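Colleague: There's a structure below that I have some questions on.
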Protein chains: 2
Amino acid sequence: MKKVVNAPERVVEEMLRGMELAHSELIRLIPEHNVVVRADAPVQNKVALVSGGGSGHEPTHGGYVGPGMLDAACAGPVFTSPNPEQMLEATKAVDGGAGVFYVVKNYTGDVLNFEMTGELAEVEEIQTDYVVINDDVAVEDSTYTSGRRGIAGTVFVHKICGAAADDGKDLAGIKELAERVNSNVRSMGMALTSCVPPVSGEPIFEIGDDEMEIGMGIHGEPGTERKKIEPADSMVDELLQRALGDDVDFTQGDVAVMVNGLGGTPLMELYVAYAHVADVLKREGVNVYRMAYVGEYMTSLEMAGFSVTLLKLDEEMKGYLEEPCDVAAGRPF
Amino acid sequence: MKKVVNAPERVVEEMLRGMELAHSELIRLIPEHNVVVRADAPVQNKVALVSGGGSGHEPTHGGYVGPGMLDAACAGPVFTSPNPEQMLEATKAVDGGAGVFYVVKNYTGDVLNFEMTGELAEVEEIQTDYVVINDDVAVEDSTYTSGRRGIAGTVFVHKICGAAADDGKDLAGIKELAERVNSNVRSMGMALTSCVPPVSGEPIFEIGDDEMEIGMGIHGEPGTERKKIEPADSMVDELLQRALGDDVDFTQGDVAVMVNGLGGTPLMELYVAYAHVADVLKREGVNVYRMAYVGEYMTSLEMAGFSVTLLKLDEEMKGYLEEPCDVAAGRPF
């Protein structure tokens, strides 16, 4: 196993410590609970946004904590849900009296634990609500998930609902907006290689040197098809065919587009993919809103591969998408 | 070869086309020359900054084109210098009458070609000057370079001199500032795996499953030592020992710190490395300025590994480091 780690079982704690040390103006850590919170939390009279999930998807989730996006992120072990105790600590740390909203990727452990945390928060007299994001059109039901999985489209929920919370939208309004984003976002991904989680030190799946898997999940969950590797344009064709062929009509209005790298695919290749994404969308009558999002937003350690996300925007979403934010994942300079 | 590419020989052109399509508000492409320029170039009466080099180091160089950083970037073939014709086209496209300044990483082909371009520009009555960045303390003289190599520290030159040019500094002033940054920046890197350039389809060097190489260059140039893989903290110790042990005294004043991923190392592991970087610097009496830079700034395709860069700051550099900029590499949101 070739990794920049010390003891594999301490990798999450050490990562979070490094994150806090690197970005101390933005975030602080509740180290005993592996929770990253905004440095200025709690923000009074603002709905607080909390997300979280297994580690190994960086910059998801901690990289999106800061003004204009999340108030807190709960980091579970690699590819494993955080527990309700962590989530409750995050909830208490960020509640500013206007309630706490959970952005949950559809992954059974995450959903159950955030639901339980909502009940625990009620005892603490903190009002909560949540959305379950299920943007991945690849498969219904999967290894760790009932229904469709939640993947990179979740980052658009962080951005849009984060700006809305800053704008003073109340808990019910945030929930309605989050559900609306979720109803209009569709993603589809593919993988070329497996990643190697630090603790096991073993690939999470086997794949041939000449194979790719369409519809692979970000924890190595099986996709829809294992086949011989194809040119980039064919990969894009397959992903977009599925994303465009789902139940959202992307030919009306403007669409935010993300090409998300899974960790091991160079930015060069993500731009190669985006060139064809842009061509196909133009041919299909889909209008890309302003600039596309091309980079690593939700990874799977060092897995090679990428996903494409389409979000059909309305005027309110556009406004919130354009608002400034200040998070570690958004400020290399 | 598992890559998201179509024809390997078209990968640079397709990447640049994708980059332009994704970020058309920021940049435009001179496609026949593989040059990325600011969308609003030329900016009148401002010194224009041009950089460039081989492709495969993304987001270097095109990702740093935009207000507050570079005016243009010339993309050579993967790991191969761009030619003077490209550089001259870039020069003519961005010259706003105040001269053009070349930020050149020390790589023999880049240096020769930018020097030749300066002579060609003189014929066109465009005043130019340049700096050669040689921040890599690993080795004197290397496969493609006479003297020390230029690596991730170059990005600080883009940022600081880009802000200075926006601020109205003249060509002589930009050169003095660039030389000052170069005199105060030191980097050292290591690699765990080789990358695979698309055209050859073969790793650029062989390395054992249990080995790492200290001081490896971003084109696979040999480093100082091949050894058994060590814990992250030991890797950091070796890199910092070299960077701190060079001729810059980092214990006086404030220091900008970058942990740069080479492409295949997850962000999780870069933060693990940064945690120990912060500890060592504190122990050694080095004061980290504001927030650290942790991410992929100058990569080597999908190579696993990282480098550490230290820049001793003065008050002028700090001011320019803090100025806003708007470049593709700096705006995921």
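The values are calculated or read from the model by the stated rules, or taken from the named source; none is laboratory data. Everything quoted here is computed from the prediction, not taken from an experiment. Neighbour counts run over all protein chains shown; Cβ positions are idealised from the backbone, glycine included. SASA here: full protein model, heavy atoms, side chains in, ligands and nucleic acids out. Shrake-Rupley method; radii C 1.70, N 1.55, O 1.52, S 1.80 Å.
Colleague: Using Cα pairs under 8 angstrom and six or more residues apart, how large is the relative contact order of chain B, in percent?
Modeller: The normalised contact order for chain B reaches 18 percent.
Colleague: Can you pull out the GluC sites (Glu not before Pro) in the stretch A:88-144 whose DSSP state is coil and whose Cβ has at most 15 other Cβ atoms within 10 Å?
Modeller: Working: sites: A:89, A:115, A:119, A:122, A:124, A:125, A:140; in loops: A:124, A:125, A:140.
Those that pass, being in a loop and sparsely packed, are A:124, A:125, A:140.
Colleague: Below 12 angstrom from the Cβ of residue B:51, what's the summed charge of the other residues (Lys, Arg +1; Asp, Glu -1)? Provide the component values of the computation, followed by the final result.
Modeller: Working: positive: B:105, B:159; negative: B:71, B:110.
Once positives and negatives cancel, what remains is 0.
Colleague: Taking a point 7 Å out from Cα toward Cβ as the label site, list the nm distances between residue B:251 and the same residue in every other copy, smallest first.
Modeller: Residue B:251 label point versus its equivalents elsewhere: 7.0 nm.
Colleague: Under a straight-distance cross-link criterion of Cα-Cα below 18 Å, which lysines are reachable from residue B:312, leaving out those fewer than 8 residues away in the same chain?
Modeller: The qualifying lysines are B:159, B:175, B:282.
Colleague: Ordered shortest first, which distances in nm separate the 7 Å Cα→C-beta label point of residue A:123 from those of the other copies?
Modeller: 8.1
Colleague: In what sequence, largest accessible area first, do A:149, B:290, A:331 appear using a 1.4 Å probe?
Modeller: B:290, A:331, A:149
Colleague: Additional query: Could you tell me the total accessible area buried at the B-A interface, probe 1.4 Å, in square angstrom to the nearest hundred? Don't skip to the end; give the middle numbers.
Modeller: Working: alone 13800 and 13810 Å², together 21830 Å².
Looking at B and A, the buried total is near 5800 Å².
Colleague: At 1.4 Å probe size, with no ligands or nucleic acids counted, give the accessible surface of residue B:142 in Å², nearest ten.
Modeller: Number for this one is 30 Å².
Colleague: Could you pull the copy-to-copy label distances for residue B:203, with points set 7 Å along Cα to Cβ, in nm to one decimal and sorted shortest first?
Modeller: Inter-copy label distances (nm, one decimal, shortest first): 1.4.
Colleague: Please report, as a whole percent, how much of the solvent-accessible surface of chain B comes from carbon and sulfur atoms (probe radius 1.4 Å).
Modeller: Of the solvent-accessible surface of chain B, carbon and sulfur hold 47 percent.
Colleague: Then there's this: Under 17 Å Cα-Cα from residue B:2, which lysines qualify once same-chain neighbours fewer than 8 residues away are excluded?
Modeller: The reachable lysines, counting only those whose Cα sits under 17 Å from residue B:2, are A:227, A:228.
Colleague: Three principal axis extents, largest first, for the C-alpha atoms of chain B, in Å?
Modeller: If we take the Cα atoms of chain B, the spans are 53, 48, 39 Å.
Colleague: In chain B, which residue puts its Cβ closest to the axis that turns chain B onto chain A, and how many whole Å away is it?
Modeller: Checking which Cβ lies nearest the axis yields B:264, 3.
Colleague: Now for a different question. In whole Å, how far is the Cα centre of the stretch B:136-162 from that of the stretch B:43-93?
Modeller: Distance between centres, Cα-based: 16 Å.
Colleague: Given H placed 1.01 Å from N in the peptide plane, which residues other than close sequence neighbours of residue A:287 have an amide H under 5 Å from its amide H?
Modeller: HN-HN under 5 Å from residue A:287: A:255.
Colleague: Dipole magnitude of the protein assembly as shown about its Cα centre, charges +1 at Lys/Arg Cβ and -1 at Asp/Glu Cβ only, in debye to the nearest 20?
Modeller: Using only the charged Cβ atoms, the result is roughly 120 debye.
Colleague: Set Lys and Arg Cβ to +1 and Asp and Glu Cβ to -1, take the dipole of the stretch A:34-159 about its Cα centre, and tell me which of A:154, A:49, A:80 lies farthest positive.
Modeller: It is A:154, whose Cα lies furthest towards the positive end.
Colleague: Relative contact order of the stretch B:185-320, please, whole-number percent, based on alpha carbon pairs below 8 angstrom and at least 6 residues apart.
Modeller: After rounding, I find 34 percent.
Colleague: What are the residues whose amide H is under 5 Å from the amide H of residue A:142, where those residues sit 5 or more places off or on another chain and H is modelled from the backbone?
Modeller: Excluding prolines and chain starts, which carry no amide H, the hits are A:147.
Colleague: Rounded if a/c is under 1.5, else prolate if a/b beats b/c, else oblate: with a ≥ b ≥ c from the C-alpha gyration tensor eigenvalues square-rooted, which is the stretch A:279-329?
Modeller: Oblate is the answer for the stretch A:279-329, as a/c is 1.5 or above yet b/c matches or exceeds a/b.
Colleague: Now, a different point. If you line up the Cα atoms of the protein assembly as shown on their principal axes, what length do they span on each, largest first, in Å?
Modeller: 72, 57, 48
Colleague: Short version: ³J(HN,Hα) in whole Hz for each residue of the stretch B:36-41, in order, from phi by Karplus 6.51 cos²θ - 1.76 cosθ + 1.60 (θ = phi - 60°), x for Gly and Pro, what are they?
Modeller: Whole-Hz 3J(HN,Hα) from phi for the stretch B:36-41: 9, 10, 3, 4, 9, 6.
Colleague: On to the next question. Counting only other residues whose beta carbon sits under 15 Å from that of residue A:138, what net charge do I get with K and R as +1, D and E as -1?
Modeller: Values: positive: A:105, A:148, A:149, A:186, A:226, A:227, A:242; negative: A:135, A:136, A:140, A:141, A:213, A:221, A:225, A:238, A:246, A:247.
Neighbourhood net charge equals -3.
Colleague: Net charge around residue B:42, counting only other residues with Cβ within less than 10 Å of its Cβ (Lys, Arg = +1; Asp, Glu = -1)?
Modeller: Local charge sum for residue B:42: 0.
Colleague: Here is a further query. Calculate one ³J(HN,Hα) per residue across the stretch B:17-33 by plugging θ = phi - 60° into the Karplus curve 6.51 cos²θ - 1.76 cosθ + 1.60, and present them in order as whole Hz with x for glycine and proline.
Modeller: 5, x, 5, 5, 5, 6, 10, 5, 6, 9, 9, 9, 10, 9, x, 5, 10
Colleague: Take the Cα pairs of the stretch A:185-320, get the Kirkwood Rh, then feed it into Stokes-Einstein at 37 °C and 0.692 mPa s and tell me D in µm²/s.
Modeller: Numbers: Rh = 15.3 Å.
Rounded to a whole number, D works out at 215 µm²/s.
Colleague: Among A:264, A:306, A:198, whose Cα sits farthest toward the positive end of the charge dipole of the stretch A:175-323 (+1 at Cβ of Lys/Arg, -1 at Cβ of Asp/Glu, about the Cα centre)?
Modeller: Result: A:306.
Colleague: OK, next. Could you work out the mean projected area of the convex hull around the alpha carbons of the stretch B:1-137, in square nanometres to one decimal?
Modeller: For the stretch B:1-137, averaging the hull's shadow over all directions gives 8.6 nm².
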